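The values are calculated or read from the model by the stated rules, or taken from the named source; none is laboratory data. Here the structure is a predicted model, which means the values were calculated and not measured. Cβ placement follows ideal geometry from the backbone for every residue including glycine, while neighbour counts extend to all protein chains displayed. Accessible surface areas use protein heavy atoms only, side chains included; no ligands, DNA or RNA. Shrake-Rupley method; radii C 1.70, N 1.55, O 1.52, S 1.80 Å.
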Amino acid sequence: MSLEGHKRKLQCVWWIFAIAPVVSAGIACLANPCLHGICLDDLNSTYSCYCIDGYTGVQCQTNWDECWSSPCQNGGTCIDGVASYNCSCPDGFIGDSCETNYNECESNPCLNNGTCIDMTNEYVCHCIPGFSGDHCELDVAVCNSTEEVRCYNGGECIEGPGYKFYCKCMAGWEGPKCEDQIDECQSNPCRNGGICIDSHADYMCACTYGFTGKSCEVQIEFCDEDSCSNNALCVVEDDVRVCYCVPDYHGERCELQYDECLLGPRCMNGGTCIDGVDNFTCSCPPKLTGTLCDCLILDDGSHDCEYVSPTITPIHNVSITTMGFTEPTVIGSITTIDYTKYSTTTTSISVIPDSLNFTTTIESTTENFTTTDISVITEVTTANTTKADIDSDMTTVKTDYTQLEIESTTVKMDLTTEGTRETLEIDNMKTEATTQCADSCIKSNASTIALPPVTVPTITTTEKLITSKDFPELPSSKSHEMTTSISTMIYETTKKDTITTKTSDASTTDMTTLKDMTTSKMFTDTPIDTTHSTDIVTLKLSTTETTEPIDVDTTQPTLQSECTNSFCNNHGTCITGLNGIRCHCAFNYGGRFCEQKMIITSAAFDGNSYISHRVKNSTTISIGFNAKTLITDGQIMHVNLADGAYMKLYMESGLLKFEFSCGYQTMLLSELKTYVNKGYLMKIETRLDLYLKEKHCNGTLRLNDTVAMSGGQIANISYLENNTMLSFGNTPNSNTTYSKPFVGCIRDLVVNGEKREIFDDAVDASEVTECSSLSCLSSPCVNGGTCSDHGETYTCACANGWMGDHCNQSVCDHNPCQSGGSCVRHPGSGFICLCPYGKHGIFCEYNVEITRPSLAPIATGKSSYVMYPLSSAAMNSDRFDLRLRFQTADMDQISLLAFVGQSGKHDSRSQHLALAFVKGYIMLTWNMGSGPRRIFTSRALGPRRGGHTVRVWRRGRTAGLLIDSRQNVTGNAPAHRSNMTLLPYIYIGGHPSEDFGDLPHDLPLHTGWRGCIWEVGGQAIGTGKAVGGRGVGQCGVAQCTAKSCNAPRGVCIHSPATYGCICNEGWFGATCASAQSPCDRSQTRCRGACVIALDGAHCDCPYGKTGLHCDQDLMPIDLLFSGVRSYLEFLPRSISSVSLSFEAEIKPTKERGIVIFVQTPHFYTALSLQGGLLEYRWTDHLSGLTSLVRSGVVLSMSQWHSVKCGRYGNRLYVWVDGALSTEPMLAHAYPHTASDASIIIGGARDLATLPFDVMSGPPESYSGCFRSLHVNNILLPFEEQNIEAGQNVGACEGAACSGTTVTSSGTRCRRSACRPHECGAGRCSRGRCVCPAGRVGLRCEQHINITIPHFDGEALLSLNRAALARSEQISAPARPSHLALNFTTADPNGLLFWINMGSDYLGLGLDSGYIKLTWSLHCNNSSKQKTEYFPLPPKLLSSLVQAGFMADSEWHSVVVTLDYNITLLVDGRSYIEEQCYSENGYEELDLYVGGVTDEEIVARKFFPQNFKGCIDKISTKQHTFLTNYAEVYSENVRSCQLFPTL
């Protein structure tokens, strides 16, 4: 029991000890020790607190600071909370952590397209050019901000937004800056074959014979009877007869002849003046010569042109008084002229030994006269004369419409002999009786007495001459009195009468009517009725002579001088003008008296025509007609129904449009999609139905009896007018908005069911003709061409100088001028050649040695000029001296004497110096970059024998003029520096820019110099010899000769260096030698370009065509250039301005010509033959300087030569068959960029477009063979895909393919592409052989040694692959740790090397001339970092290294190391050092040098181009270099030659 009890006690104790901790734990948390958490009892009578978020500590008594990590960004202040924080953000930031920069730009505060840039708590507006202000709210004033001319040629500058501005151009100008002159001739305004001549803001028309008016729209009405004298042309203008005189005649009827010998002192030193047509010549005494007999011929044959005759001749004066009068006389029914006053003429005679001169003074008074139909006979009697030889002037009376004149006929008398000899001659109504003179003679000049105006409706004039054999003696000291009596008579114009008179000594002279001149109707259109009568007319002499009656059968007209109702037929209107009456006919009648009825059944409208019909108005208007046309746009019909109501039919884009309105709205029916301008007859019906009560209307259009379109609308018409007008064509006196005219034919008019004649039933019409063909209605032949109908087709007979189906092609479109002459369109002749300096002739075909240049403006906007080289001392200097001598006959010209400036268009800041001639004043303008200064001479110059000398000088900003060593003018220009930077040429007499548009200030208002300029010299002139120019001839030499234009077939137009021919009707060609136009479509079979020539025309064949008429196909490989406008132009390709090489083979047949020409925006360069030597030129656009190098050997003609030329760095070279020549360049600039260039071989399409200094002397096309052209070591095949254009190119040596395979057609061929196993040691890829190192050639057939590799942009090396001939693979390191090379290049872009390591890569190359390094590598920069679970991302870098410009043709070195760091050294200096450690090996690794294959896409992304240049010292291990390039894989690598080697 006790044992059992003990056991129970032990069990109780055990349970107590087991339960005690539990009770104790529950008791620990009873006190809630955890302030901000949950209490948890531990087994050891303790507790733990599980804190809520935000608190920590044993009892959760501490608030956790959530700001400990500074969560607030951008300067925000953190405010701790419970398990949270708040950020107090600075201005400009928002977000829980102030991480967001508030975008102040959301409100778009920037105006005028300004860009808002968000800043911290602010924004900045980046304004586009032209705006400023905080919000870009300020618009910059452009028009008046500087002195620069914004709008040219007087245009008004109008402000636009920002820097934009708009130009409101003056009349005649257009373009954004009013820089383009409007060609008013572009619309072909001249009609009826007229030739349009463009002028400023206007045009003029050179009308064909028979037409006049502004646009040659008025047909000239010639006089029915020619009332003009001396072969003048009589026409009727504005109801007035007008005479157009031939040269040397003037007066209202051209009855007066100019005598240039009377206009002032002419011949000097006793020379005799001989009158000519608009000129005079001097007959010089012995020992004298010159135009004015002003030069004395010295004993040594030279001339003294300052000679003045020292002989003074004594003078004795005698005066002669001549009195003329007429007494009133009535003969039958004829009233004679009644003069109650008489005229007195006093002639002063200066008697000189061996000669005698007359000075005549005329004093005339005449009044109180009546009118009559008169015929005048003049009688002369003389008193006693001396025993001397006397030349006395007999005086005749000549009747004019407005005046009567007394002219002279000369009678020469020898009174010292018993008998006299008479000679009677008539020349153009002038009579002369002569006798021989003994000893001395007295000469009397003709006296002209002007009588009052006489109104003579009809007059018949016959001149008679009465001569007397014997004259009484006249004492030498007494006066001579001559009395003339005038009587009148009427002659029948077909009768020849004889008058017999007796003189005082009973001797008898028979006088015959020598010439009857009849003016049956002088300036009148009045019909004449004639009656016949016979009257006796008495000739009454003032001496005691017996007068015998003469019976004359006369014809006397009866005149109608006023309009009557019956004068004009068929309702014509009689109009009385100043010179008579005429008829203005109704539209459907013609003829002088409106007696001819015009019959037109099918009316032709030519664009200016209209026909109007009166239509009775009703609620239904129906109009139908047949029409045909070829035009696309034009108004056909228009009819007004009421105010605001109308019906209109027109064409638009070849479709009919029917528009009508019923007073409320307008409806346009245009659903018809059938083209009606095919020339077929179409039946058109239009109908408008008005329902006035319903206020509705409906319009319908029917085409070819089918309802085409219809529609209805609301009508708002209260009443209809009784009659309305229906108009076809141009609506007269209409303000309709559609103004394009209708051209076509209309017939078969039906109005409201009533048939009408389209023309005969009209009430008005204008310029309507019978329709024969549509083709010629629209005047398709422009530029004076004549249209000829051939059924429904037409042909154009072009005026001289034009060709093509529509005569729209000028002969200048295919320049016929030789030696680089410019072809300019010229009215009349069609063209004229502006010859280069040293050439002349109609085609510039002849050479000329110019010692004294003659210049003149040649065509509108084009001047002639001479170019002299500017000395190096004047190009960039503070000193300038220029001297020249000039002479001109045009003292009123405003022209340019000299100009030197900068390239491009000049503005207010462009440096220049200009010498101008302004109406006799000499003006000097110069600008040193800060604004122009201008000075004038104080007085105008006058004409001067020997010309004037001018010296222009400048010293710093001071410049001056010295004229003839006397007039000295100076001035100062604003300047910041004393030097001027100028182009190396000075222009004399003009400038090449059209209208002087490139010149500054007011110089575009000037013209080219007209006159001679010589003795050009001074410090500014380099060699003193002209180097270029155009349109310059030899002073005093005329280009026109009697045979120049095959006169009388054509008229010659003279210019200093050339001439043009205006051919008479029916003659064509350059010299009017052909009766047919040589380039007329009906005369030539040429399928190419027809080019006019002296012997007719030539056919220029485009590239790919050959044969006499360009009708044979040809695609040559080896080219043959004809040398006559032959050339071949390639498509543009990119070329660097630092490195350029050409290589070709040529076989010339002529020792002069352009072989290659290349032009870019920065420079142009050319290879040419000059006297058998090759000459390579390079001209920089910026400086204008030309560098050149010539070959040291002369090329043999008709033999193949290998030639190379180009530029490398700052040197030029030319290489011929192993002979090398190099020269340093005069000017070059860095850096250079590649740009597209045009490459032309053999010449140019137009040699005039080439720069003047493209070769020495005038440019000339290359003649001979050409093949194997390489540009920058790249072959350019002569295939169509590479060719832009070409002309006159054949196959060399007579074979179409020059020995290569010809296709089955035998007309096309090309070098065949390579095939497998045809490339020898290389391989065939894309049709070309890829050669390994050491092999070159088309089939890799040539061996070369490579010491330094050359890469041409298609070459490469692969260092880890074996050569093509080896099969094993070269082991490559896991990753190269060292890579170095040296390089030289002139190309700014290219890959130097590329390492492809699978997922990694590294590349080095050039980008815009600077070193560029790029890589993507997996770098493990921490050795403790485990990468098996977390792969490293690649490290990327692409950076331009600022080590300087590398594409400068100099050698540079680069070293790249890849160890623990990646470093880059350029020319020994370190530029990049980046940490990158990697232990990775690569299963595949490719290392390329100089380029990559097309499969390397990533490399192409960073470096699009392979390297062009030379690479040396290639190393993948330090102190070890690659020397045997045949051991590694390579493509097209050649041996480096900076210049071709000997």
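Taking amide H as placed 1.01 Å from N in the peptide plane, I38 has its amide H under 5 Å from the amide H of Y50, C51, I52, each at least 5 places away in sequence or on another chain. Treating only the Cα positions of the range 990-1089 as identical point scatterers, give the base-10 log of I(q)/I(0) from the Debye formula at each q in 0.19 Å⁻¹. Normalising to I(0) and taking log10 leaves -1.02. Report the calculated FRET efficiency for E694 and D764 (r = Cβ-Cβ distance, R0 = 35 Å), to the nearest 0.05. It comes to 0.50. Around the Cα centre of the range 586-688, unit charges on the Cβ atoms of Lys, Arg, Asp and Glu (plus for the first two, minus for the last two) sum to a dipole of about 300 debye. One chain, two ends: R909 and E1280. Fully extended at 0.36 nm per residue, the span grows by 128.8 nm beyond their Cα-Cα distance. Exposure check, 1.4 Å probe, all protein chains in place: I158 carries approximately 70 Å² of accessible surface.
May I ask you to list the chymotrypsin sites (Phe, Trp or Tyr not before Pro) in the range 673-717 that are in a DSSP loop and have at most 15 other Cβ atoms within 10 Å of their Cβ? In loop regions of the range 673-717 (DSSP not H, G, I, E or B), the sparsely surrounded chymotrypsin sites (Phe, Trp or Tyr not before Pro) are Y675, Y680.
Here the spin labels are modelled as points 7 Å beyond Cα on the Cα-Cβ line, and at T77 and N876 they lie 6.5 nm apart. Pairs with C-alpha atoms separated by more than 19 Å, drawn from the list K1105/K1147; K168/K905; K683/K755; K695/K755, are K1105/K1147; K168/K905; K695/K755. Placing a pseudo-label 7 Å from each Cα along the Cα-to-Cβ vector at L681 and I94 gives an inter-label distance of 8.2 nm. Give the residues of the range 1129-1157 whose amide nitrogen is closer than 20 Å to a point set 7 Å from the Cα of A1219 in the direction of its Cβ. From the range 1129-1157, the list is 1142-1156.
Loop-located GluC sites (Glu not before Pro) in the range 94-193 (DSSP state other than H, G, I, E, B) with a sparse environment of at most 16 neighbouring Cβ atoms within 10 Å: E99, E137, E147, E148.
Computed FRET efficiency, Cβ-Cβ of E994 and L1185, R0 25 Å: what is it to the nearest 0.05?
With R0 = 25 Å, the Cβ-Cβ based efficiency is 0.50.
The listed residues L1522, L1458, once ranked by accessible area (1.4 Å probe) with the largest placed first, stand as L1522, L1458. In this structure the amide hydrogen of S1238, modeled in the peptide plane, comes within under 5 Å of the amide hydrogens of Q1159, none closer than 5 places in sequence on its chain. Based on the Kirkwood approach, the hydrodynamic radius assigned to the range 118-203 is 16.0 Å, with every pair of different Cα atoms included. For the peptides 1166-1175, 811-820, residues were scored by their other Cβ atoms within 10 Å and the scores averaged per peptide; the highest-first order is 811-820, 1166-1175. Close amide H contacts of G114 (hydrogens built in the peptide plane, cut-off under 5 Å, sequence separation of 5 or more or a different chain): I128. For the range 837-877 and the range 1378-1392, what is the separation of their C-alpha centers, rounded to whole Å? Between the Cα centre of the range 837-877 and that of the range 1378-1392, the gap is 49 Å.
Under 25 °C and 0.890 mPa s, how fast does the range 1099-1199 diffuse according to Stokes-Einstein, given a Kirkwood radius computed over C-alpha pairs? Answer in µm²/s, whole number. For these conditions, the coefficient is 156 µm²/s.
On full extension, the segment bounded by F587 and Y1460 gains 303.7 nm, given 0.36 nm per residue less the C-alpha separation.
Hey, for a label at L630 modelled as a point 7 Å past Cα toward Cβ, could you say which residues of the range 667-689 have their backbone N under 13 Å away? What the label zone holds, given the 13 Å backbone N cut-off, is 677-680.
Evaluating 6.51 cos²θ - 1.76 cosθ + 1.60 at θ = phi - 60° for every residue in the range 967-984, the Karplus couplings come out as 6, 10, 10, 9, x, 10, 9, x, 7, 9, 8, 8, 8, 10, 9, 10, 5, x Hz, glycine and proline recorded as x.
Projection of the Cα convex hull of the range 1184-1291, averaged over all directions and equal to a quarter of that hull's surface, yields 8.5 nm².
A full extension of the chain between E849 and E671 corresponds to an added length of 56.8 nm, given 0.36 nm per residue minus the alpha carbon distance.
In order along the range 794-809, phi translates into HN-Hα couplings of 8, 10, 10, 8, 7, 6, 4, x, 10, 7, x, 4, 10, 6, 9, 10 Hz, rounded to whole numbers, per the Karplus curve 6.51 cos²θ - 1.76 cosθ + 1.60 with θ = phi - 60° and x for Gly and Pro.
With each label modelled as a point 7 angstrom along the Cα→C-beta vector, the C67-V1124 pair spans 10.0 nm.
Between the alpha-carbon centres of the range 582-613 and the range 176-197 there is a gap of 31 Å.
At a Förster distance of 41 Å, what's the computed FRET efficiency of E1354 paired with Y163, Cβ-Cβ distance as r, to 0.05? Plugging the Cβ-Cβ distance into 1/(1 + (r/R0)^6) gives 0.35.
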